[in-house]
Amino acid sequence: MHTRDAAKESANGSDLLDIDSLSVRFQREGSSLQAVSEVSLSLSSGDVLGIVGESGSGKSTLARAILRLLPRNAHVSGEIRLEGRELLSCSDREFRRLRWAQISMVVQDAMNALDPVWRVRDQLLEAIRVHGTVGRRDGKDRAASLIEMVGLDEHVLSRYPHELSGGMRQRVCIAMAFACNPRLVLADEPTTALDVITQDRIVAEILELQVKRDQTMIFISHDIALISEVSHKIGVMYAGHLVEMGTVGQILYEPSHPYTMGLLNAFPRADIDHEVVSIPGDPARFEAITESCPFIERCPFSQPVCREHKPRPQEVTPGHWAACHFLDVAPTLRERAKDPLTWRPANVKATIREPQPSSSAKERSAA
Ligand SMILES: Nc1ncnc2c1ncn2[C@@H]1O[C@H](COP(=O)(O)OP(=O)(O)OP(=O)(O)O)[C@@H](O)[C@H]1O
Ligand code: SF4
Ligand SMILES: [Mg+2]
């Protein structure tokens, strides 16, 4: 794993995207599920934020909420501002104008994202025209240059999606997402369905486009190694909560939330020699999270205070925050988290004596 562009990590421009207390609750027959819980974050122009977390942690729901692509059974609250404009409250008509032109998305399954009865050229032209009036000739030229930009031959333009390989379809989706030079691109597991070699090539192409255009992106994956290659900042999601956020360096080398520590242990790393150890137990049942810490059932450092009070996000160092009652002793926890014995199921279940929460942690959690 390596970190991108150290200068970018400390860059601090004006906010392009501001998400404030975003929550998504799915209404199901006889029950409901809180898939995203009070997520707040902000991104500056040109930032790439990687969102990482286990399957079902709410990553796609967060992206779909930003693009207003959630089904009717989703209740969304909070605020999402793109360059100051509130997205959740603008009319459907207004939002349709923003989609593709200002915010676009590359999804995991390109086959579902493309219209099977339209040729690639027509799909690209449709995306280009959303941006404004583009003449027929100009539109065709733009479609050709977009397809070339993602490394495909011009003859692909006259093909239907089912005539293309998975990698080619994914490239068409990337071309569509970048077609109108939107302010924000969301990439939700854009390479997961592809073989490793095609994955690498497509990630490299996305990064080239990002750098060339200084594109702001949210890149979603469950693979922290991939996320750390493509991103400037990383947000870690657990059971619908954004539990830690920081620059790539801060998350990789100074993780402060026990879940992030466990997640880093669970992946092989090129930069650090360590034993791969997974986090015992299953991801939290969303229904079970009320006022306790969402990670309590799997955390080896839990204390009674973690059951009584949900920790709120607090700053660790500038640009780095986490939601845990024990941030004051994070360096000690980091050392202990490196020991595979710490993650033995029996140790995770036991309530350990140390570290005791500092009085300031108790006060903050009680506040
Ligand atoms: N339309 C829906 N109705 C009800 N529940 C849903 C709906 N869509 C998602 N969920 C639930 O919301 C939770 C979060 O799902 P989401 O797809 O956002 O997770 P994810 O982190 O993207 O997972 P993955 O890594 O597998 O893609 C899951 O428990 C999922 O079952
Ligand atoms: S608040 Fe408690 S249970 Fe939650 S991550 Fe921190 S130590 Fe673990
Ligand atoms: Mg997903």
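Ranked by how many other Cβ atoms sit within 10 Å of their own Cβ, fewest first, the residues 348, 106 fall in the order 348, 106. Axis of helix 120-130 versus longest Cα principal axis of the chain: the two differ by about 80°, to the nearest ten degrees. Between residue 292 and any residue 5 or more places off or on another chain, the built amide H atoms are never under 5 Å apart.
Ordered by the count of other Cβ atoms within 10 Å of each Cβ, fewest first, 310, 212, 233, 338 give 212, 338, 310, 233. The stretch between residue 23 and residue 69, if pulled fully straight at 0.36 nm per residue, gains 15.1 nm over its current Cα-Cα span. For the chain, lysine pairs with C-alpha atoms less than 18 angstrom apart, excluding pairs fewer than eight positions apart on the same chain, total 5.
Given R0 = 41 Å, the distance between the Cβ atoms of residue 91 and residue 271 translates into a calculated FRET efficiency of 0.25.
Over the C-alpha atoms of the chain, the Rg to Rh ratio, Rh being the Kirkwood estimate, stands at 0.99. Summing Cβ point charges (Lys, Arg +1; Asp, Glu -1) relative to the Cα centre of the chain gives a dipole of roughly 820 debye. Taking the chain as a Gaussian network of alpha-carbon nodes connected by springs under 10 Å, the highest mean-square fluctuation of the residues 152, 17, 242 belongs to 152.
Computed from the coordinates by the stated procedures, all read-outs in this text should not be read as laboratory data. In this text, all values refer to a predicted model and were calculated from it rather than measured experimentally. Note that each Cβ is placed from the backbone with ideal geometry, even for glycine, and that neighbours are counted across all protein chains shown.
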